[in-house]
Every structure is written in structure tokens, then in C-alpha cells.
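S.K.: Can you read through this structure? Questions will come right after.
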Amino acid sequence: MKKSTIWIIATIMGLAFIGLLLLQISYIEEMAKMKKEQFDESVNRSLYQASRKLEMNETVRYLEKDVKETERRAFKQDSMMVDGLNGTVKQAHQFAVAADDGTVYSSFELKTFAIKPANVPKAMILRTDKSSISEASKSLQEIVRNRYVYQKALLDEVVYNILYTASDKPLKERVNFKMLDQDIRAELQNNGINIPYHFTVETSDGREVYRCPDYTDEGKEYTYTQTLFHNDPSPKMGVVKIHFPNMNSYIFSSVRFMIPSVIFTIVLLITFVFTIVVIFRQKRYSEIKNDFINNMTHELKTPISSISLAAQMLNDDSVGKSPAMLKHLGGVINDESKRLRFLVEKVLQMSMFDRKDAAFKKKELDLNELLENVASSFSLRVEHTGGKIYTEIEAVDSAIYVDEVHFQNAITNLMDNAVKYRKPDQPLDLFIRTWNEKERLCFSIRDTGLGIKKENVKKIFDKFYRVHTGNVHDVKGFGLGLAYVKKIINLHEGEIKCESEVGKGTTFTVSLPILKETTE
């Protein structure tokens, strides 16, 4: 599959996943917002109902207290009239309600009838004639009407006391805080809210008169207020303030069921991204593998062709078999066999490191001496280009504990790469330097070759990676050299980094632990 096709599919699916995730998040936000609005409405309604109940309780208290006192201040007058013609005694009871200053609010007269003076007066008609029934009905209507006026007068007295007496009291005497707390809790539960809350009661000018015993400031940023006695004069009003420490948890609990779907979507998105990364990585590995196979084919083809040609010459009777010719052909076969074995061993070594089957035979070596020996063996190859190797030995503590063969191969690979990637038809200079840095031993190999592009520097230590790929085989190799070097350095507890600039050259810097006291 083409890389562009993979990118198109990945983009479409990625946008779909992201869109789904954003849609779920927006649903959660809207649900939380709606739940918050419902919560606000329920709390405000509960506070309003609690404040109304507080005023009603105050009114009930005054009714229980003041109605009795008003009735005690009411006065009664009795009167009696004798009808000699009919032999009937008419008795009347007059009631009146007056204020402390003597003002009469209302009065009414209750009439009773009796046939004989000896009988007890009764508010009922004993005669059965039509005129008596009519007179009794009118009398009862008058009683009810006058009774209403009497009760209204009593209530008017209570209302006057509430207006001019209750509002003059301090707020803390008018409010039963324990009962207010019970009313608020009951109203909140009636409206579906059953979470802890804290409340305070303040005067209209902000002076606090009560605070609940377990009061804390947690969640105070969302405070709900309700006016108490809102029909009183403004200075006499009170304010109850309430907040919920666990309000956010309460709101969150309403949308908690959506969280698993969001988590699953995120997991799917991460899995999808990981899958796409794996696909691209595998595609890159496939391309690298193809390059490796192509390079390996060309690398192995040369020694095989040389050996085959030498064998043909040995078997060809028409070719003279002089001792010099036989020695030459034997040398070609021997050299190409060694080269072929070296290529195969390099592949096998990397495979061995991947399986972690490598076994080092470490011993103490002097890094300064080791680098000078490798530089000496490479001097002819470098001088053949017209260049020179320069060594700058500054390390004082230069003892290292390494596997001589593998470590020397790693250094050789670095120098071999410098020779391979030199500028065509230009001399190559190599600069080798050692120094101590804190408790580390460092060395660098710098060349004046082609250099490496910045985007390729971070890939050069990858297995099978080569800057020159495809069918361009101006530089031989499998792309295993630097991967092998990094593996060897890491297994010796060292670090390697590369700095390069196209057209100016490349510098490899290696840092190793200094040998102090090591036992095998």
C-alpha cells in the first residue's frame, strides 16, 4: 500500500475518532451544565420555601400568644328583655374587642330565646310556626357574621403586633436557627438534594449572626442566598447563605456514566495511533530490509564472482598453471573468502546481540594506546586519499575495561565510515582526541568528509539504515556498522553521539566509565 493511501486513511479515521471524542465531551459538558441549572433552581426553591415556613412559624407563634391576650382584653355585656304579652324572656350577650387605648375594633350581639324564664337559654327555636323559624334563621346568620367580625378583629390585633413588635426584635431572637436548619434540610430532600451543606445567617448590612457548627469555606465559591422577612423594612431583613462542599462531586455523579465511553474512545484513539505508527515503522523496516537485501546481494556478489572466476581459471586447461599464477589465484580465493566470512560474521554478530547471546571477554586496556594502534593501521588508507590522521591525547586516566576484539571493531567501523564517506577526489583528514570529563573517559573521531543531513543524523544508528539507499552502491555496506558500534558502546556502559554538518564533516563522541577497581 502506498504511503499516501495510508496517510489518507489514517487522517480520516483520526478525525473521526477526535470528532467522536469531542462530541462526547460536549455532551458531558451540556449534561453537567443542565444538572447545575437544575441544582441551582432546586436550592433556590428550597431556600424560598424554608424562608416562607420561617415567616409562617413566626406568625403561628404570635397567633398562639396574641389571640389569647386579645381575648382576655375583650369585654362582655349582658342584657335581658321580658315580653309580657307573649310571656317570653329575651336575653342578649354583647361582645367587644378594644385596644389598650380604648379603641373598639368590633362588637356583636348574641340573642337567645326561652319559653319560660326557668328554662336555660338556648340558641335554637322551639316554636314550630313559620315566623319563629324565619326569625331563628336570621338570628343564626347574624351570629356567624358577628363572629367573623370578632375573629377578624383578633387577627388584626395579631397583625399589628407582628408589624410593630416582631420586626423590632433582633434577628437572632426572631429566627430559630435549629428549626431553620431542619426546614432547609427537609426542603432540599423534597427537591432531590441530599448532600451536606453549610449555612450562615446575616443581617441586611452583612453582619453575621449565626454560623452552623461544622462550617467550612470549602465550596464557598458557589454560594446561594435567600432573604428572610422580605416584606419587612430593609434594615430589618435577614439573609441566609448556603453552600455545598461536595457540590462538584454531586454534579459529576450525574455524568459519571459517560466517563467509561470517553475512556474507551481515548483507548481506541491511542490504539489507532499506535497501529498507524507500527504500520509506518513496519513499512520503513520493509524498505530498509529491501535495501539490505539489495546491498547484501551486491556485497556478496563481488567476492563470490572473484572466487568463481579464480576457480574457473584453475579448471581451464588452456590457462597456464605457473607457480606464480597458482599463488595469485590462491591469494585471490583466500582474500575473497575472508571478505565473505567477514560480511557473514557481521550479520551474525548483530543477530547474536539481538538475541542477547553475546559473551564479552573483558580485560583492562589503555584507550590512548588502543586508539593510536588503530590510527596507525588506518594511516595508509587515509594517506592514500592525500590526507592525514591527527591524534590529540589529553586523557590522563585512560584505563578501560572492555572486550578488546569488539571494542576495537567498533573504533575501526567509525574510521572505516570516515574513509567511505569522504569527499570524492579530495583529501580526508581524521582528528582523534581523548580527554577526561569528571569521572568519564571520552574520545572523539572527527573527519572532513561529506557530512550527514540533520534529518538523517538521528537515524544513522538504526539497524540496516544507510544514507545512500536504493540501487546506488557507490559505498558498500549493509547499514549495520553504526548499529553495531552503538550496541558495543552501550553494552560497555558508554554513550555515543553524532554531530554532523553537510559539506564540513562528522564528529562521533564516545563517553566511557573510567576503570577504577574491577574484578571479573
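S.K.: Stretched out fully, how many nm does the piece from residue 454 to residue 225 gain, at 0.36 nm a residue minus the Cα gap? If you can, show how the numbers build up before the last one.
M.R.: Numbers: separation 229, 0.36 × 229 = 82.44 nm, distance 6.48 nm.
Once the chain is fully extended between residue 454 and residue 225, it gains 76.0 nm.
S.K.: Enumerate the calculated ³J(HN,Hα) couplings along the stretch 379-394 in order (Karplus 6.51 cos²θ - 1.76 cosθ + 1.60, θ = phi - 60°), each rounded to whole Hz, writing x wherever the residue is Gly or Pro.
M.R.: 4, 5, 5, 6, 5, 5, 7, x, x, 7, 9, 10, 10, 10, 8, 10
S.K.: Here's something else I'd like to know. What is the local net charge at residue 280, summed over the other residues whose Cβ is closer than 11 Å to its Cβ (Lys, Arg +1; Asp, Glu -1)?
M.R.: Working: positive: 3, 281, 283, 284; negative: 287.
Its environment carries a net charge of +3.
S.K.: Something else: With θ set to phi - 60°, apply the Karplus curve 6.51 cos²θ - 1.76 cosθ + 1.60 along the stretch 306-318 and write out the HN-Hα couplings as whole Hz, x wherever there is a Gly or Pro.
M.R.: Working through the residues one at a time gives 5, 5, 5, 5, 4, 5, 4, 5, 5, 8, 7, 6, 6 Hz.
S.K.: What list of ³J(HN,Hα) couplings, whole Hz, do you get for the stretch 16-24 from phi and the Karplus terms 6.51, -1.76, 1.60, once you set θ to phi - 60° and write x for glycine and proline?
M.R.: 5, 5, 5, x, 4, 5, 5, 5, 5
S.K.: Taking a 20 Å limit on the Cα-Cα distance, which of the listed pairs 361/486; 458/504; 53/236; 458/486; 361/420 fall beyond it? Please report the intermediate quantities before stating the final value.
M.R.: Numbers: 361/486 18 Å; 458/504 18 Å; 53/236 18 Å; 458/486 12 Å; 361/420 30 Å.
Over 20 Å Cα-Cα: 361/420.
S.K.: Could you please put 325, 247 in sequence from largest to smallest accessible area, using a 1.4 Å probe? Please list the in-between numbers first.
M.R.: Details: 325 55, 247 5 Å².
Result of the area sort, largest leading: 325, 247.
S.K.: Continuing with the same structure: In square angstrom, what is the accessible area per residue of the stretch 204-270 with a 1.4 angstrom probe?
M.R.: Details: 4090 Å² over 67 residues.
With all protein chains present, the stretch 204-270 gives 61 Å² per residue.
The values are calculated or read from the model by the stated rules, or taken from the named source; none is laboratory data. Just so we're clear, the structure is a prediction, and the values are computed from it rather than from any experiment. Note that we place each Cβ from the backbone using ideal geometry, even for glycine, and neighbour counts take in every protein chain shown. Note: accessible area is taken over every heavy atom of the protein model, side chains too, but ligands, DNA and RNA are not part of it. Shrake-Rupley method; radii C 1.70, N 1.55, O 1.52, S 1.80 Å.
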